[in-house]
Amino acid sequence: MCGISIAINKRNQRVAPEQIRAMNDKVSHRGPDDEGFFAEGHFAFGHRRLSILDLSPAGHQPMQRRNCWLTFNGEIYNYIELRDELKNLGHHFVSGSDTEVILAAYEQWGVDAFPRFNGMWAFAIYDSGIGEIILCRDHFGIKPLNFTITPDWFLAGSEIKQFTAFPDFKPVLNKEVAINFLVNGLLNYSDQTFFSGVSELRPGHYLRYALNSHRMSVHRWYDLDRASRPVKDPFEVAVGRTRELFLDSVRIRMRSDVPVGSCLSGGIDSSSMVSVIHSCGMANGTFATVTSCYEDARYDEQRFSDEVTRQTGYKALKVYPDLNHLWDQGHFDKMLYHQDQPFSTASHYSEFCVFREARNNRIIVMQDGQGSDEFLCGYGEFFVAYVRELLRGFRWRAAWRLLRSKAVHRQRTLGAELRAFLNAAYGFRLIRLAKRIAGRSDHPWMTSSWSKIAASSLVRFPEKNIRDLSLAEIAHSSIPYQLHSEDRNSMMFSIESRLPFLDPRLVEYGIGLPSSYKIGPDGYTKYVLREAIRELPESIRHRKDKMGFVAPDAPWITKNKVAVRKELEEVITRTGVFSDQLLDRFDRFIDGRLGYEPIYFRAMALNRFLKIFKMEINP
């Protein structure tokens with residue numbers, strides 16, 4: 001896991017060594033083990049290395065192989081299999097690194113090599129034979145790659161802050177991105193970023209840059225919708241195939257020359273990982289887990305993580321995030337700086353604390369359970385979508401039985417379950433429609449000028465069925481911002497985070513499964529996974545509700561109401577985004593006359609983010 005820097009001078013002037021070094025210095029936390037540079041003509045590559053595979057100098061980057069140079073961030077987990085295939089085709093290797101495998105694969109297959117990689121990556125290849133630089137990003141965007149064009153430069157790198165090393169880059173707020181964050185909590189939903197003029201190369205895409213003409217083009221090399229075909233396997237076969245794919249995904253993600261551990265929330269996903277690592281003997285005695293815990297039982301899962309610990313015997317590390325440290329130890333600003341964008345809840349602090357504890361215990365690689373909820377229907381909206389699918393298919397009796405079963409295992413009445421479904425499926429939309437008809441704003445805390453921008457800028461994703469919902473969450477509304485946060489929080493502490501559930505083979509198979517394999521007849525989500533991982537403790541296999549990384553935002557804000565109100569006053573004054581209604585609603589929340597609204601945290605995060613990057617807001 002590393003940091004990469006790419007600078008191309010559009011006026012065909014040499015890139016000064018101090019310029020590319022300044023870019024590299026901005027991401028020194030991503031690669032504390034080594035540093036390297038390569039320059040030719042009017043471009044330069046930089047690299048910061050976190051050594052994971054082949055710790056010797058043979059893994060130094062940028063790496064050359066014949067007429068190609070590579071700067072690479074990530075891991076190719078199937079590099080051993082690819083190396084053997086390439087050896088049979090006549091290729092020779094001088095290192096044990098996956099970096100050299102990328103270069104040999106590109107030499108053999110060109111851009112057609114990209115679909116052969118199973119891993120996470122963002123890299124730049126300079127192909128001197130054709131005079132082009134090719135940037136590429138992995139299937140789901142696990143590793144970041146941003147770029148911008150200024151009057152003098154094409155710049156690309158792992159983090160946007162690298163561009164601030166160049167005087168002609170000016171941080172200006174992208175209003176459309178800010179509005180979608182404030183109103184809906186959307187992050188990383190498109191190629192746009194909070195910095196106007198800065199784009200992210202989207203997952204499954206590559207960019208070609210011709211050094212002579214300075215023309216660039218972006219191409220899609222991976223399409224999940226096309227890659228995933230409907231699965232016709234009987235349920236028991238699907239259970240076996242899901243298990244087989246998951247175990248192999250975990251197995252190749254345990255390849256490492258440094259210590260490996262795992263996040264462990266006590267939920268199904270992380271517990272599945274740790275359980276199969278133990279049952280299949282994939283780890284040695286140094287393996288450890290890290291769990292985020294809270295004294296408030298509403299936000300705490302350690303009783304479940306303790307079950308996994310008792311079963312596996314692995315060393316269990318626990319952290320107890322104190323949200324007050326967001327203020328008094330400066331963690332809020334530190335996280336915002338590393339994230340390159342605001343974040344919408346304090347749950348990101350739980351993740352921060354987990355990776356900090358891992359680094360304190362010298363764990364360099366961490367397995368994590370992100371990804372399965374989006375294609376195995378782990379979130380509540382998938383249950384609603386499934387019931388709607390049944391109703392549209394005139395399978396009313398099946399829908400009724402499903403609602404009744406869900407009510408039983410949630411321990412509430414059928415009437416309450418039915419009302420919850422109707423509100424989620426239809427009621428909230430009708431309320432929004434009624435507000436529009438009556439001329440009432442969905443976001444009364446916003447000034448009229450910004451409301452006009454919001455009217456044309458808010459993004460909606462079509463969700464006709466479970467498949468559409470999964471594809472939207474993987475590409476736009478859920479996975480991208482989780483991956484962004486995970487990358488920044490882990491790399492802040494020079495840790496590589498690996499995500500077995502985002503193996504493309506597993507995702508493609510999971511997307512293709514029938515809805516009834518994902519939501520069982522009793523209403524349990526991730527049904528096929530619960531059946532596939534028999535090593536799970538029974539208390540976890542039959543857990544009713546998902547929690548994940550959560551944090552007590554509302555109690556913390558209430559406790560720090562004076563400081564929070566001061567932040568809200570400042571954001572109203574400095575941005576022009578918010579009306580005085582923001583303070584009025586906050587005061588009513590503190591007085592108990594109004595429920596908690598996430599806009600309070602989002603407004604604070606935006607305010608501090610703007611200050612950290614000295615960002616302009618154009619009229």
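The values are calculated or read from the model by the stated rules, or taken from the named source; none is laboratory data. No experiment lies behind these values; they were computed from the predicted model shown. Because the Cβ atoms are built from the backbone with ideal geometry, glycine has one as well, and the counts that use them run over all protein chains shown.
Brief remarks on what is shown
- Check on Ile142, among the aliphatic types (A, V, I, L, M), closer than 23 Å to Glu508 by Cα and in a loop (DSSP other than H, G, I, E, B): yes
- Taken over segment 285-313, the residue count meeting the criterion of being touching a residue at least 12 places away in the same chain (Cβ under 8 Å), under 15 Å from Ser350 (Cα atoms) and surrounded by 14 or more Cβ atoms within 10 Å (Cβ to Cβ) is 9.
- Of the residues making up segment 111-152, those that are aromatic (Phe, Trp, Tyr), in contact (Cβ under 8 Å) with a residue 60 or more places away in the chain, within 21 Å of Arg65 (Cβ to Cβ) and in contact with a Leu (Cβ under 9 Å, 6 or more places away or on another chain) are Phe123, Tyr126.
- Counting the residues of segment 90-107 that are farther than 23 Å from Ser249 by Cβ and touching a helix residue (DSSP H, G or I) at 6+ places or on another chain (Cβ under 6 Å) gives 5.
- Residue within segment 68-82 that is in contact with a Gly (Cβ under 6 Å, 6 or more places away or on another chain), modelled with pLDDT under 95 and not assigned by TED's automatic domain parsing to the domain that holds Val250 present: no
- Scanning segment 17-59 for residues that are touching a residue at least 24 places away in the same chain (Cβ under 8 Å) and under 17 Å from Lys161 (Cα atoms) yields a total of 17.
- Scanning segment 89-103 for residues that are crowded, with 24+ Cβ neighbours inside 10 Å and over 34 Å from the mean Cα position of the chain (by Cα) gives no hits.
- Single residue of segment 573-619 satisfying the filter (among the hydrophobic types (A, V, I, L, M, F, W, C) and over 28 Å from the mean Cα position of the chain (by Cα)) that is surrounded by the fewest Cβ atoms within 10 Å (Cβ to Cβ): Leu594
- For Tyr106, the conditions (1) surrounded by fewer than 22 Cβ atoms within 10 Å (Cβ to Cβ); (2) in contact with a Ser or Thr (Cβ under 8 Å, 6 or more places away or on another chain); (3) aromatic (Phe, Trp, Tyr) are fulfilled apart from (2).
- Glu389 fulfils the conditions (1) part of a loop (DSSP other than H, G, I, E, B); (2) among the charged types (D, E, K, R); (3) under 30 Å from Leu513 (Cβ atoms) except for a single criterion, (1).
- Taking every residue in segment 1-16 that is over 30 Å from Asp98 (Cα atoms) and pairing it with any residue that is assigned to a loop (DSSP other than H, G, I, E, B) and acidic (Asp, Glu), at least 6 positions away or on another chain, the pairs with Cβ-Cβ distances below 7 Å are Lys10/Asp152; Arg11/Asp152.
- Residue within segment 13-23 that is within 24 Å of Asp138 (Cα to Cα) and either out of contact with any strand residue (DSSP E or B) (no Cβ under 8 Å at 6 or more places or on another chain) or in the same structural domain as Glu100 (by TED's automatic domain parsing) (or both) present: yes
- Contact annotation: residue pairs with Cβ atoms under 8 Å, 6 or more positions apart or on different chains, pairing a residue in segment 598-613 that is more than 17 Å from Asn174 (Cβ to Cβ) with a partner that is of a type in the set (S, T, N, Q) and modelled with pLDDT under 95, are Pro598/Ser344; Pro598/Thr345; Phe601/Ser344; Phe601/Thr345.
- Among the residues listed as Asp368, Asp333, the single one being closer than 22 Å to Leu247 by Cα, in the same structural domain as Leu245 (by TED's automatic domain parsing) and either surrounded by fewer than 19 Cβ atoms within 10 Å (Cβ to Cβ) or among the acidic types (Asp, Glu) (or both): Asp368
- Checking each residue in segment 200-230 for being among the aliphatic types (A, V, I, L, M), surrounded by fewer than 17 Cβ atoms within 10 Å (Cβ to Cβ) and closer than 18 Å to Arg505 by Cα picks out only Ala227.
- Just one of the numbered conditions (1) without any contact (Cβ under 8 Å) to a residue 40 or more places away in the chain; (2) of a type outside the set (Lys, Arg); (3) surrounded by 17 or more Cβ atoms within 10 Å (Cβ to Cβ) is not true of Glu389: (1).
- Residues within segment 573-597 that are part of a loop (DSSP other than H, G, I, E, B), in contact (Cβ under 8 Å) with a residue 24 or more places away in the chain and of a type outside the set (A, V, I, L, M, F, W, C), tallied: 3
- Consider segment 11-48 and keep the residues that are among the charged types (D, E, K, R) and touching a Leu at 6+ places or on another chain (Cβ under 7 Å). The one that is nearest to Asn146 (Cα to Cα) is Arg30.
- Contact annotation: residue pairs with Cβ atoms under 8 Å, 6 or more positions apart or on different chains, pairing a residue in segment 171-189 that is surrounded by 20 or more Cβ atoms within 10 Å (Cβ to Cβ) with a partner that is polar (S, T, N, Q) and in a helix (DSSP H, G or I), are Ile179/Ser457; Asn180/Ser457; Leu186/Asn180; Leu186/Ser477.
- If you check Ser56, Ser51 for being among the hydroxyl-bearing types (Ser, Thr, Tyr) and either within 16 Å of Asp127 (Cβ to Cβ) or surrounded by 15 or more Cβ atoms within 10 Å (Cβ to Cβ) (or both), only one passes: Ser51.
- Looking only at residues in segment 508-523 that are closer than 16 Å to Ala385 by Cβ and within 25 Å of the chain's Cα centre (by Cα), the one that is surrounded by the fewest Cβ atoms within 10 Å (Cβ to Cβ) is Ser515.
- Verdict on Val274 being within 30 Å of Pro552 (Cα to Cα), within 21 Å of the chain's Cα centre (by Cα) and either in the same structural domain as Glu132 (by TED's automatic domain parsing) or among the β-branched types (Val, Ile, Thr) (or both): yes
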